[in-house]
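Only one structure is covered here, and it is reproduced in the block below.
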Amino acid sequence: MFEHNVGAESNPVNLAEYARLARKRAEPSAWDFIAGGSDDERTLAANRAAFERWTLRPRILSGRDTVDVSVPLFGRTLASPLLVAPIGYQGLAHPAAEVATVQGAGAAHTAMVVSTMSNRTLEDLARAASAPLWFQLYCLKDPELTLSLVRRAESAGYEALVITVDMPRMGRRERDLRNGFALPAHLRPSNLLMEASPELHRSQQGTSGVALHVGQLFDAALSWSTVERLKQQTALPVLLKGVLTREDAQRAASVGIDGIIVSNHGGRQLDGAPASLDVLPEVVEGAGGRCRILLDGGIRRGTDVLKARALGADAVLIGRPIMWGLIARGAEGVTDVLRLLRAELEQALALCGQSRWTEIDRSLVALAPPCGGGWSAPEEGL
Ligand SMILES: Cc1cc2nc3c(=O)[nH]c(=O)nc-3n(C[C@H](O)[C@H](O)[C@H](O)COP(=O)(O)O)c2cc1C
Ligand SMILES: CC(C)CC(=O)C(=O)O
């Protein structure tokens, strides 16, 4: 299993080793913010366990000696099906914050989704980019401020709009409550161009400054009408991030949404929500071929990426491992994490007797026989 292969730490050869290295280097409450999930962290653990339940069905003697993992998506061909997931407040991981991540992703020819809650402005990040950027939107109580973010993303050359729909309010992250976690004063939600609320920076045991800030700022009454309005207001492809059911996928498709990201927010929102991989097939069915389908949550190996593809994902997003690379080695670490994962994916594809990402289908996976032992969540919340 994923955490068993942890060996040398000075020169990581896999993502688990990056996790170990990052954990040693990170400030403990920042590590908890990044690694943690909500409540009992059951959904966080479920995301990993879901991958363990599938095996790959390699086909022999394919006679092919090349692999092609490029993916056509929204009018452009991405070099690989890996994207960097939106992650807020990356200044917690590295002094250069999202600038380092954008540079690292660019060097790995990997598209990145920039969070509304980035510590560097979306314009600064666009200037640092050498690979496609998408913008992740949190809908705020103030609709004009929300729309102004969309307009800024359009002007700066972002290629898609990802509306996160699973955070009308923030999940209870008990690690943060215990730590009285708050954003250090030198870090700002830079896109908001206003004085951050003092709560965001006030550390008090039993509260989370980040959660209080979300409560003040985010639209807790977010609804389909907001999403439909935004879809009409932009020419960018619009994706909804946080869809977990057939019904919502059907509705998204019927209102013209271009893409769905099957996600439970890395186990940080509703604890008890299913693993994203487990609901991927029903979401694919609900969308009925009308939306592109992406998935995130728990991807730590190239073989995980392959399993997601076999169950219907067009591409996947990588969250915490990017932060491990960033903490451990800045931009270079981000590049290395993405290169490791891509190399694992290409290796797995070839060993499965396949040569093209786009040709993989459901026949590549089978449910693993029950193995008694079961999955236990690693303490690090990996
Ligand atoms: C520290 C942290 C911050 C995050 N910030 C955002 C965010 O600003 N916007 C968003 O849509 N999702 C956010 N997410 C969720 C990720 O985009 C993604 O759904 C999740 O991390 C994927 O799971 P993984 O970490 O297991 O790969 C965040 C996740 C983490 C761990
Ligand atoms: C700054 C937060 C709102 C970022 C987030 O989405 C998360 O912590 O899961």
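Assorted remarks:
- Only Cα pairs under 8 Å and 6+ residues apart enter the sum, and on that basis the relative contact order of the range 106-200 stands at 33 percent.
- Bins of 20 Å, starting at 0 and running to the largest distance - Cα pair percent for the chain: 30, 62, 8, 0
- Here, the range 141-214 yields an orientationally averaged convex hull projection of 5.8 nm² when only Cα atoms define the hull.
- The slack in the chain from Arg172 to Arg64, taken as 0.36 nm per residue of separation less the alpha-carbon distance, amounts to 33.9 nm.
- Relative contact order for the chain: 27 percent, from Cα pairs under 8 Å spaced at least 6 residues apart, divided by residue count.
- In the chain, a dipole from Cβ-located charges (positive for Lys and Arg, negative for Asp and Glu) runs towards its positive end, and of Trp54, Leu92, Ala19 it is Trp54 whose Cα lies farthest in that direction.
- Structure-based [θ]222 nm, the chain - -39500 (n - 2.57) summed over DSSP H runs of at least 4, per residue, nearest 500: -12000 deg cm²/dmol
- Calculated FRET efficiency for the pair Glu154/Arg290, C-beta based, R₀ 25 Å, to 0.05: 0.55
- Annotation: the residues Glu52, Glu228, sorted from fewest to most other C-beta atoms within 10 Å of their own C-beta, follow the order Glu228, Glu52.
- Counting only DSSP beta bridges with both residues in the range 7-358, the antiparallel share comes to about 10 percent.
- Reported to the nearest whole Å, the Cα centre-to-centre distance from the range 20-72 to the range 99-130 is 22.
- This model, with +1 at the C-beta of Lys and Arg and -1 at the C-beta of Asp and Glu, gives the range 7-358 a dipole about its Cα centre of some 440 debye.
- Projected label distance in nm at Thr77 and Thr207, using a 7 Å step from Cα toward the beta-carbon: 5.4
- Label-zone membership for the range 132-176, site Met194, 7 angstrom Cα→C-beta point, backbone N under 11 Å: 140-146
- Proximal lysine pairs, the range 7-358, alpha carbons under 25 Å, eight or more residues apart or interchain: 4
No lab work stands behind these numbers, since they all come straight from the coordinates. Computed from a prediction, not measured in an experiment: that's the story for all the values here. Glycine gets a Cβ as well: all are built from the backbone with ideal geometry, and neighbour counts include every protein chain shown.
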